[in-house]
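See below for the structure under consideration.
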Amino acid sequence: MGHDHDHLPSEIRHEKPLWWALGLTSTFLLVEVVGAFWTNSLALLSDAAHMATDTLALMIALVAVRLSRRPPDARRTYGYARLEALGAMVNGALLFVVAAYILWEAIARFRQPVEIASTGMLVIAAIGLAINLISMRLLQAGSGESLNVKGAYLEVWADMLGSVAVIVGALLIRWTGWKVIDPILAVLIGLWVLPRTWVLMREAINVLLEGVPKGIQVDAVRARLCAHPDVRDVHDLHVWALASSTPALTAHVVMADGVDADGLRRQLGSALHEDFGIDHVTLQVEVDHCGDDCADGRPDAQGHHGHPHA
């Protein structure tokens, strides 16, 4: 009793600013890595790891936009949207390795500080700040309309704060000569990157495990469906994410006798869209033939009720 769905977005928006932001960020990422080794600045290298999270976020946003254009096929009936989650897992793991290296190197520099080219460090960090400000401007318009663009915008905004920290550190090293400021900044930036990387990986794992999307409560969804006057019971309710911003739902709905099944499906689908933003909805409508047992039956651990399914 399901119905067809179109997974393709009605309009592809804000792709060009994403490409510009990705080009600027990835180019400066390479410059910052080279500059970090040239100036011996661990803080710059740590900020480069932070810049890598921005590049990752932009790439994920673009992959999601590009792949969303590809329709489902005979082998992948849900399309290719979950490549977004796989990419986040791989890149998150690499970022953990980079952060671990930076923290290990910082410990060594606490024991034996090295000379820092503070002027070069300052110039590179200032360029990075300018790149971040430009990228934020490019992404600002789309951040209110697309979750992918919003995520990339927040990543760039956070990295802008990292660039400011490196600039302050370079000035302090230049004025005071305290070399230990560099590894301190590196540790602080690394500790800033790791939690955000873990959050990214956790969200990707939730998508891959078909977990309930963030911001949606299954009990609230069930209560909304059961609140309809023509619904007698809801069972086999499943809510998961096809991608980070594409929730889906399936459920068996027991309706009262004499109710138009197609009309009930449309009404429930509209309610789920308006209240929870769930557009991919598949409802199997059943007629209550088992009397009060259906209404009073309690679900088991899997959400099943004690009555047969047609």
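The values are calculated or read from the model by the stated rules, or taken from the named source; none is laboratory data. Note that the structure is a prediction, hence the values are computed from the model and not measured. Cβ coordinates were reconstructed from backbone atoms using ideal geometry, including for glycine residues, and neighbour counts include every protein chain displayed. The accessibility values were calculated without ligands, DNA or RNA, using every heavy atom of the protein model including side chains. Shrake-Rupley method; radii C 1.70, N 1.55, O 1.52, S 1.80 Å.
Summary table below
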| read-out | value |
| --- | --- |
| The one condition in (1) part of a helix (DSSP H, G or I); (2) modelled with pLDDT under 75; (3) open to solvent by 40 Å² or more (accessible area, probe 1.4 Å) that Leu95 fails to fulfil | (3) |
| Candidate set from region 64-92 (those that are closer than 21 Å to Asp159 by Cα and not small (Gly, Ala, Ser)); member that is surrounded by the most Cβ atoms within 10 Å (Cβ to Cβ) | Asn91 |
| Leu45 being open to solvent by less than 50 Å² (accessible area, probe 1.4 Å), modelled with pLDDT of 75 or more and within 20 Å of the chain's Cα centre (by Cα) | no |
| Sole residue being open to solvent by 30 Å² or more (accessible area, probe 1.4 Å) and at pLDDT below 80, chosen from Leu154, Leu133 | Leu154 |
| Whichever residue in region 238-247 is open to solvent by 20 Å² or more (accessible area, probe 1.4 Å) and in a strand (DSSP E or B) and, among such residues, is farthest from Gly211 (Cα to Cα) | Thr246 |
| Any hit, region 190-208, residues being farther than 24 Å from Leu58 by Cβ and within 31 Å of the chain's Cα centre (by Cα) | no |
| Test: residue in region 108-116 that is among the aromatic types (Phe, Trp, Tyr), assigned to a helix (DSSP H, G or I), at pLDDT 80 or above and more than 22 Å from the chain's Cα centre (by Cα) | yes |
| Residue in region 285-293 that is part of a helix (DSSP H, G or I), more than 30 Å from Val90 (Cβ to Cβ) and at pLDDT 90 or above present | no |
| Candidates Gly128, Gly142, Gly120, filtered to the one that is surrounded by 16 or more Cβ atoms within 10 Å (Cβ to Cβ) and at pLDDT below 80 | Gly142 |
| Pairs with Cβ under 6 Å, 6+ apart, first in region 196-207 and closer than 14 Å to Glu155 by Cα, second open to solvent by less than 20 Å² (accessible area, probe 1.4 Å) and assigned to a helix (DSSP H, G or I) | Thr197/Gly92; Thr197/Leu95; Leu200/Ala88; Leu200/Gly92 |
| Of residues in region 235-258 being over 30 Å from the mean Cα position of the chain (by Cα) and touching a residue at least 12 places away in the same chain (Cβ under 8 Å), the one nearest to Leu272 (Cα to Cα) | Val253 |
| Qualifying residue in region 265-277 (condition: outside any helix (DSSP H, G or I) and hydrophobic (A, V, I, L, M, F, W, C)) | no |
| Candidate set: region 1-23, residues that are open to solvent by 50 Å² or more (accessible area, probe 1.4 Å) and at pLDDT 80 or above; chosen: the one farthest from Arg76 (Cα to Cα) | Trp20 |
| Residue match in region 197-211 (condition: open to solvent by 30 Å² or more (accessible area, probe 1.4 Å), under 30 Å from Asp279 (Cβ atoms), outside any helix (DSSP H, G or I) and not polar (S, T, N, Q)) | yes |
| Ala301 at pLDDT below 65, open to solvent by 50 Å² or more (accessible area, probe 1.4 Å) and under 35 Å from the mean Cα position of the chain (by Cα) | yes |
| Selection from region 217-235 of residues that are in contact with a strand residue (DSSP E or B) (Cβ under 6 Å, 6 or more places away or on another chain) and open to solvent by 20 Å² or more (accessible area, probe 1.4 Å) | Val218, Arg222, Cys226, Asp230, Arg232 |
